[in-house]
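Below is one structure, written out as structure tokens, with a few remarks after it.
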Amino acid sequence: MPLLDFDGITKEYGDLIAVNDCSFEVFDGEFVSILGPSGSGKSTMLRMISGFESPTEGIIKLEAEDMTDVPPFERETNMVFQDLALFPHLTVAENIEYGLKNKEDLPPDEREAKIEEMLEMVQLGGYADRNPKELSGGEQQRVALVRALVNEPAMVLFDEPLASLDRQLRQHMQVELQRIQDKTDTTFLYVTHDQEVAMATSDRMILLRDGEIEQIGSARELYEDPASQFVANFIGDVNTIPATVRDVSDSALDLTTHAGDLDVSLSPDMIYDGAAVSAGDLVNVCVRPHNVTLATEKSSAEFSLRGEVKNRIYKGNDVRYMIDTPVGNLTVDSDTAAFDIDDTVHATWSRADGHIFASEDTDGTVTEDNQPTLSVEQ
Amino acid sequence: MSSSQLSNSGALSTQLHRFAEYVRGRRRRSLALIIGAPVLALLTFFVLPLLSMLWLSLHTETGASGEFTLANYQQLIASTTYLEILKTTLVLTVETTVIVTVVGYVLAYGIVRLSTRTNLLLLLVILPFWTNYIIRMYAWINILQPDGALSSILMSLGLLAEPTGFLYNRAAVLVGFVYVWLPLAVLPFYASLNNLDEDLIEAAMDLGSGPIKTFLTVTLPLTKGGIIAGITLVAIPTFGSFITPVLLGGTNVTMIGVVIERQFNEAFNWPLGSALGMVVTAFVILMLALSTKLGADLLGTEGEAQ
């Protein structure tokens, strides 16, 4: 049974649909991220789970209990706010104690011991009597986290609390979050627009777009098997090459370009959301920079493009090449530095690494002039 | 060559130093001018009169012939009349302050909650300031007098049999005070409530506090500064007020401000009037000291124990 059942939720603000018929589940002990660009409805989802907003339609269940109309102060969730919202008139210890005081069954000395233990866990022992304002950004983050955790909620909700930190501190806090989650065995639901944070920390990610769920899966699934062009673009870098469907059969999809046919045998259900494509539709061929192989000779791989090296950037482990091809610039991450600027190379990738998505602007008719100029060597 | 350069640079640095001194001196002079003028005005128009009032309150009469005496203050303490007046003044001040604070805070809270982009509601609260204080008091006389608006309304509702006046009692004075000071108190209340971070309220609720507990543990302590400011703004002028009790209280409600006026203009007992005036000054100083102390705790950088 899921810990959280977010079932068929729609949230409307007047004419604006912030969340549109979304359903997902979160299981006990998971670290789940809700990821999406700003305005995609992720914060609204979190606010509905915490009880600060109520859904227009749908049911939210926590531990199998209907929470849809339960006020925030009676929910077994605790939130780490975006700007932390530490009480400025209370000390660190008093901030942490605030939620515990609302649980009547705990005597004061046990409360104190618990606060001390929690502060030790996040390396803030001895900070109990400080004012939150005296603490650094990272220390404040940890106080806010402990203030939520100490109540032993069914689930801790995070509203992008790391967004304000610099990169190094953010990476440190990511590791901290995972360590603390392991140690306390609490379920974390983390909202962010930062794919790096989400990928680094989460067991599963829920990717939102315009109030709808685009894909749910592990970081690896979303990266290697994106459900749509949007997912491919949002998670990591991707090369996008436009093409036109020439013919569709049960087992193969023939793509045509200005230069010639591109014969790839993909089952049509690999197209985004299974929508049938028919001859004449515009599609995009997407490939990750690190899935492209560079060679001096043409290979037998399904996809192959000839181009010239325009630029190369050393990135430590690998080299990033900018290849000028007849279809535009192709970004390639390679572990070899063997190619120089102006070298002619063959960029190739296998069928499995080439994702094909229906183009989002399919209404454009293809003419000889605006036809994608993908030059594929056969 | 090098030594001449050195001496040159030495001379230059001396010049620069002198220039800096000159600028600093000028700045100090202009600063003295900027601060000096108001300090002088304060000394002339506030500190000197206060000192002369203190002097007068400790002497038998005005001018050089006055002899030192504590009789004026002894008279204040010995006479039950004055103590009674002081008590009336203090009770009315406390009542006014409490009512204005509670009503004003609720009002400010409502305005903060209701106003989205415009501060139209706040503007409406400040609107009475556009009319002169005296005129507003006469308006209340019109409302409360026999045959006045209140009497007429109550009669037409059948709640009163004959025209009745509501003037010249404590209640009328209290109504006048509350009416006059309410907008003044709403402003600091509004400012502090408006500055309150909404996330803190949500954090309190998220951590299990219901609306009442959230208000008592977060909203109230975090708007303490505004509340203290509002209380100070109301209590000080109420304690020394003169026009409102005279116009709405008549001879039935005597506050210390009224007595002081009478000592100066009717009884011509300036020393006693000064002594009474010093009591008001003492109250003002006490209120300011109290509000500064409580306010300082709020602004204090050290975490305060709650």
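The values are calculated or read from the model by the stated rules, or taken from the named source; none is laboratory data. Small disclaimer: the values here were computed from a predicted structure and weren't measured. Here the Cβ is made from the backbone with ideal geometry for all residues, glycine too, and neighbour counts use every protein chain on show.
What strands (runs of 3 or more DSSP E) lie completely within the stretch A:292-357 and have 2 or more residues being without any contact (Cβ under 8 Å) to a residue 24 or more places away in the chain?
Correct list: A:303-314, A:319-325.
Can A:LYS103 be described as over 33 Å from the mean Cα position of the chain (by Cα), facing another protein chain (nearest Cβ under 9 Å) and not aromatic (Phe, Trp, Tyr)? Walk me through how you get there before you give the answer.
Working: over 33 Å from the mean Cα position of the chain (by Cα): yes; facing another protein chain (nearest Cβ under 9 Å): yes; not aromatic (Phe, Trp, Tyr): yes.
Yes; evaluated as a whole, the condition is true for this residue.
Looking at B:TYR109 and the list (1) touching a helix residue (DSSP H, G or I) at 6+ places or on another chain (Cβ under 8 Å); (2) modelled with pLDDT under 85; (3) closer than 28 Å to B:VAL218 by Cβ, which single condition is not satisfied?
Status for B:TYR109: all satisfied but (2).
Within the stretch A:138-168, take every residue that is surrounded by fewer than 16 Cβ atoms within 10 Å (Cβ to Cβ) and part of a helix (DSSP H, G or I) and give me the one that is nearest to the chain's Cα centre (by Cα).
A:ALA163
Output the qualifying pairs, or none if there are none: Cβ atoms under 8 angstrom, residues six or more apart or on different chains, first residue in the stretch A:187-207 and within 20 Å of A:PHE230 (Cα to Cα), second residue acidic (Asp, Glu) and surrounded by fewer than 24 Cβ atoms within 10 Å (Cβ to Cβ).
Filtered contacts from the stretch A:187-207: A:VAL191/A:ASP159; A:VAL191/A:GLU160; A:THR192/A:GLU160; A:HIS193/A:GLU160; A:ASP194/A:GLU160; A:ARG204/A:GLU30; A:LEU207/A:GLU214.
Would you check if there is a residue in the stretch B:215-225 being among the polar types (S, T, N, Q), out of contact with any strand residue (DSSP E or B) (no Cβ under 7 Å at 6 or more places or on another chain) and more than 14 Å from chain A (Cβ to nearest Cβ)?
Looking through the stretch B:215-225, none of the residues is among the polar types (S, T, N, Q), out of contact with any strand residue (DSSP E or B) (no Cβ under 7 Å at 6 or more places or on another chain) and more than 14 Å from chain A (Cβ to nearest Cβ).
Name every residue in the stretch B:193-214 that is touching a residue at least 40 places away in the same chain (Cβ under 8 Å) and either buried (at least 18 other Cβ atoms within 10 Å of the Cβ) or within 7 Å of chain A (Cβ to nearest Cβ) (or both), in order of residue number.
Answer for the stretch B:193-214, where residues must be touching a residue at least 40 places away in the same chain (Cβ under 8 Å) and either buried (at least 18 other Cβ atoms within 10 Å of the Cβ) or within 7 Å of chain A (Cβ to nearest Cβ) (or both): just B:LEU193.
Anything in the stretch A:59-85 that is more than 12 Å from chain B (Cβ to nearest Cβ) and crowded, with 18+ Cβ neighbours inside 10 Å? List them, or say none.
Of everything in the stretch A:59-85, those that are more than 12 Å from chain B (Cβ to nearest Cβ) and crowded, with 18+ Cβ neighbours inside 10 Å turn out to be A:ILE60, A:LEU62, A:MET67.
Which residues, counting only those in the stretch A:25-58, are of a type in the set (Asp, Glu) and more than 14 Å from chain B (Cβ to nearest Cβ)?
Pass one, the stretch A:25-58, residues of a type in the set (Asp, Glu): A:25, A:28, A:30, A:53, A:57.
Listed by number, the residues that qualify are A:GLU25, A:ASP28, A:GLU30, A:GLU57.
Looking at B:GLU67, is it surrounded by 14 or more Cβ atoms within 10 Å (Cβ to Cβ) and acidic (Asp, Glu)?
In short, no.
Return a yes/no flag: does the stretch B:184-192 have any residue that is over 18 Å from the mean Cα position of the chain (by Cα) and among the β-branched types (Val, Ile, Thr).
No: the stretch B:184-192 contains no residue that is over 18 Å from the mean Cα position of the chain (by Cα) and among the β-branched types (Val, Ile, Thr).
Give all pairs with beta carbons closer than 7 Å in which a residue from the stretch A:153-180 that is under 27 Å from A:ASN102 (Cβ atoms) meets a residue that is among the acidic types (Asp, Glu) and surrounded by 16 or more Cβ atoms within 10 Å (Cβ to Cβ); count only pairs at least 6 apart in sequence or on separate chains.
Close Cβ pairs (under 7 Å, with a partner that is among the acidic types (Asp, Glu) and surrounded by 16 or more Cβ atoms within 10 Å (Cβ to Cβ)) amount to A:PRO153/A:GLU76; A:ALA154/A:GLU76.
Within the stretch B:1-23, work out how many residues are surrounded by fewer than 10 Cβ atoms within 10 Å (Cβ to Cβ) and modelled with pLDDT of 75 or more.
0
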